[in-house]
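The block underneath contains the structure these notes are about, expressed in structure tokens.
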Amino acid sequence: MSWEPDKPHEECGVFGMYDLDGNDVASSIYYGLFALQHRGQESCGIAVSDTFGPRKVDLLKGMGLVNEVFNQENIASLKGNIGVGHCRYSTAGESIPSNAQPLVINYVKGTLMLAHNGNLINANELREELAYTGAIFQTTIDSEVIAYHIARERIKTKTAEQAVVNAMKKIKGAYALVVSSPRKLIGARDPYGFKPLCIGKRDNAYILASETCALDTIDAEFVRDVEPGEVVVIDKDGIKSDRSLCLKPEEQARCVFEYIYFARPDSNFDGTSVYHSRIMAGKFLAMDSPVDADIVVGVPESGNAAAMGYAMQSGIPYGTAFIKNAYVGRTFIKPQQKSRESSVRVKLNVLKEAVNGKRVVMIDDSIVRGTTSDRIVQMLKDAGATEVHVRISSPPFISECYFGTDVPNKEQLIAHNRTIEDIRQVIGSDSLAYLSIDRLIELSGGKSICKGCFTGEYPMEPPTEDIRGEYDK
Ligand code: SF4
């Protein structure tokens, strides 16, 4: 569980690497996962094998952060020049060790390693079908359903990549996949492109990663994004591509919340800098919802770039009002209800000198349940702010997400059945404004997006049942 209060969580980060010269890849995968840690902090894992030797997979996975699960000794014991890594936050499937990824499947054609970011909306159906034909599942995650389908298709097809394409025709929902067959590294993105996936290169090694920040960390160069619906295959002959499942550009549906909050600001996603998107969101807020004030501040970290954009556009000085305690981790003990300490105060403190006697514009990226915004507004007022104007760099959440983030059920969302004025009263600010839905498309540089949690209209028919399924309740 991230320390971030009242924010949705991403499901996972994926990373794969194939060194054609035969060098071990485990330590680079470790650093790649470390850069993707913000995408999932519950469990992580690395699987590697040697394309020159007998197909033996070394796998290590466990509960916890990347630097808790791995150390110098166990990384050194992972031998192989092709591998897959994963870090996970569960939105489907319990938070238990057996659900950690990568998954490694041994079958008649060899071994398959798989890491998945996203959420299938027909996983229950597919799992039931497989179970009736004798499949025995070792996990409760939908990623195992994908692995099974690829393995089954592989028996009927000539190549591993064709097996992935065939499996993609059956699975529905959001996925960025990194798969390794004995001598190939395969990357795939669902046809809507909900989740990001990019290709990098370092010397004679190829990389697939959820975000470009992971390429920077290991000093790899960015080659390109995997396109929505594309399957890329990396083997000794370089990169090949299958685009038979790609949709028209206007039918694609990137998760716009990647730009607003999930992705790191130093990443680029389908040609657009996440930092630039957040600056733009702040500028739009200043244009559409201006206010007289003395200082603009961001709620760290994700509100900071939008606050900078608001300041640039409005001419109101940008400042720092919040100091975050950098040492709050997953093991943070929540204060008891009746104790004088509050979770928010332990994590965040206000710089009184910055806000005392000032009219403050406070920029945050989202309000989900509204459980912390009132406290943060009150902290600014307690520190002497004469007015607090809240600006949110996304539209109000009014509906759940089925595609791999944990935006909760409608009933839990503060904006469900409430007006903006109702919400303003709940959080106690002097004014409140959100980014307008019409501005969202500009955050992705004009590329087609999913905005289902802000509109209730999804790019594909949402499931009618609880997609966690019986096995997971
Ligand atoms: S519903 Fe919202 S969080 Fe989910 S994929 Fe669409 S934009 Fe992203």
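Looking across 177, 120, 197, 126, one residue alone is of a type outside the set (Phe, Trp, Tyr) and either outside the structural domain of residue 22 (by TED's automatic domain parsing) or over 17 Å from the mean Cα position of the chain (by Cα) (or both). It is 126. The lone criterion from (1) in the same structural domain as residue 395 (by TED's automatic domain parsing); (2) outside any loop (DSSP other than H, G, I, E, B); (3) out of contact with any helix residue (DSSP H, G or I) (no Cβ under 8 Å at 6 or more places or on another chain) left unmet by residue 224 is number (1). The residues of the stretch 187-218 that are more than 16 Å from the ligand (Cβ to nearest atom), over 19 Å from residue 263 (Cα atoms) and part of a loop (DSSP other than H, G, I, E, B), listed by number, are 203, 204.
Going through (1) surrounded by fewer than 19 Cβ atoms within 10 Å (Cβ to Cβ); (2) more than 21 Å from residue 37 (Cα to Cα); (3) not aliphatic (A, V, I, L, M) one by one, residue 154 falls short only on (1). A search for C-beta distances below 8 Å between a residue of the stretch 179-200 that is without any contact (Cβ under 8 Å) to a residue 24 or more places away in the chain and any residue that is part of a strand (DSSP E or B) and acidic (Asp, Glu), counting only pairs 6+ apart in sequence or on different chains, returns 200/221.
Quick grid of which residues meet (1) at pLDDT 95 or above; (2) within 20 Å of residue 432 (Cβ to Cβ):
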residue: 357; (1), (2): yes, no
residue: 362; (1), (2): yes, yes
residue: 370; (1), (2): no, yes
residue: 388; (1), (2): yes, yes
residue: 402; (1), (2): no, no
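Here residue 146 clears all of (1) part of a loop (DSSP other than H, G, I, E, B); (2) surrounded by 20 or more Cβ atoms within 10 Å (Cβ to Cβ); (3) out of contact with any Gly (no Cβ under 8 Å at 6 or more places or on another chain) except the condition numbered (1). Checking each residue in the stretch 46-63 for being in contact (Cβ under 8 Å) with a residue 60 or more places away in the chain and within 22 Å of the chain's Cα centre (by Cα) picks out only 47. For the stretch 434-453, a residue qualifies if it is surrounded by fewer than 16 Cβ atoms within 10 Å (Cβ to Cβ) and within 13 Å of the ligand (Cβ to nearest atom), and the qualifying residues are 437, 441. For the stretch 389-433, the set of residues classified as in a strand (DSSP E or B) and within 11 Å of the ligand (Cβ to nearest atom) consists of 405 only. Of the residues in the stretch 127-134, not one is acidic (Asp, Glu), closer than 18 Å to residue 107 by Cα and part of a helix (DSSP H, G or I). Among the numbered criteria (1) in contact (Cβ under 8 Å) with a residue 12 or more places away in the chain; (2) surrounded by fewer than 24 Cβ atoms within 10 Å (Cβ to Cβ); (3) on the phi > 0 side of the Ramachandran plot, which single criterion is violated by residue 134? Unmet for residue 134, out of (1) in contact (Cβ under 8 Å) with a residue 12 or more places away in the chain; (2) surrounded by fewer than 24 Cβ atoms within 10 Å (Cβ to Cβ); (3) on the phi > 0 side of the Ramachandran plot: (1). The C-beta contact set for the stretch 16-34 (first residue surrounded by 23 or more Cβ atoms within 10 Å (Cβ to Cβ), second residue part of a helix (DSSP H, G or I), distance under 6 angstrom, 6+ apart or interchain) comprises 17/28; 17/29; 26/75; 30/75; 32/214; 33/66. Selection over the stretch 227-243 of residues that are under 23 Å from residue 204 (Cβ atoms) and not in a loop (DSSP other than H, G, I, E, B) gives a count of 9.
To keep it simple, each residue is scored yes or no on (1) within 29 Å of residue 54 (Cβ to Cβ); (2) in contact with a Cys (Cβ under 7 Å, 6 or more places away or on another chain); (3) modelled with pLDDT under 90; (4) in a strand (DSSP E or B).
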{"residue": "68", "(1), (2), (3), (4)": "no, no, no, no"}
{"residue": "78", "(1), (2), (3), (4)": "yes, no, no, no"}
{"residue": "113", "(1), (2), (3), (4)": "yes, no, no, yes"}
{"residue": "119", "(1), (2), (3), (4)": "no, no, no, yes"}
{"residue": "153", "(1), (2), (3), (4)": "yes, no, no, no"}
{"residue": "176", "(1), (2), (3), (4)": "no, no, no, yes"}
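Residue 331: away from the ligand (no atom under 16 Å from the Cβ), hydroxyl-bearing (Ser, Thr, Tyr), in a loop (DSSP other than H, G, I, E, B) and at pLDDT 85 or above, yes or no? The answer is no for residue 331. Within the stretch 244-298, the residues that satisfy the criterion of being part of a helix (DSSP H, G or I) and within 15 Å of the ligand (Cβ to nearest atom) are 251, 256, 257, 258, 259, 260, 261, 262, 274, 277, 281.
The values are calculated or read from the model by the stated rules, or taken from the named source; none is laboratory data. What you are looking at is a predicted structure, and each value in this text was computed from that prediction instead of being measured. Counting neighbours? That spans all protein chains shown, and the Cβs are built from the backbone with ideal geometry, glycine included.
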